[in-house]
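Worksheet: the structure to be examined is printed underneath.
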């Protein structure tokens with residue numbers, strides 16, 4: 001399942017030359033803080049893990065993400 005989704009997004013990224021980003025948040029921060037990581041970084045940095053309960057997954061560490069808060073702009077994703 002994971003590989004199928006990644007292949008779809010990777011194909012989209014390659015064909016249209018538009019980077020795909022993943023944004024993660026949750027209720028504990030009232031969805032005011034988002035953690036962003038590009039698909040390319042996920043594929044390069046984060047290995048696939050497997051468990052009986054969850055199947056294949058990639059454990060994304062917050063330190064690998066760009067944190068965008070409620071008051072930040074999206075330009076934060078593209079700063080060097």
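Order these peptides, 37-44, 25-32, by their mean beta-carbon neighbour count within 10 angstrom, highest first.
My ranking of the peptides, most packed first, is 37-44, 25-32.
With N denoting the number of residues in the chain, provide Rg(C-alpha) divided by 2.2 N^0.38 Å, to two decimal places. Working shown, then result.
Details: Rg = 14.0 Å, N = 80, 2.2 N^0.38 = 11.6 Å.
This ratio for the chain stands at 1.20.
Need one number: nm distance between label points at residue 75 and residue 7, each 7 Å from Cα along Cα→Cβ, rounded to one decimal.
With each label placed 7 Å out from Cα toward Cβ, I get 4.1 nm.
In percent, how large is the relative contact order of region 21-76, given Cα pairs closer than 8 Å and 6 or more residues apart? Don't skip to the end; give the middle numbers.
Details: 60 pairs, mean separation 18.6, N = 56.
Across region 21-76, relative contact order equals 33 percent.
Which whole-angstrom value gives the distance between the alpha carbon centres of region 1-61 and region 66-80?
18
All of the numbers you see were taken from the coordinates with simple rules; none came from a lab. Note that this is a predicted model, so its numbers are computed, not measured. Virtual Cβ from ideal backbone geometry, glycine too; neighbours counted across all protein chains shown.
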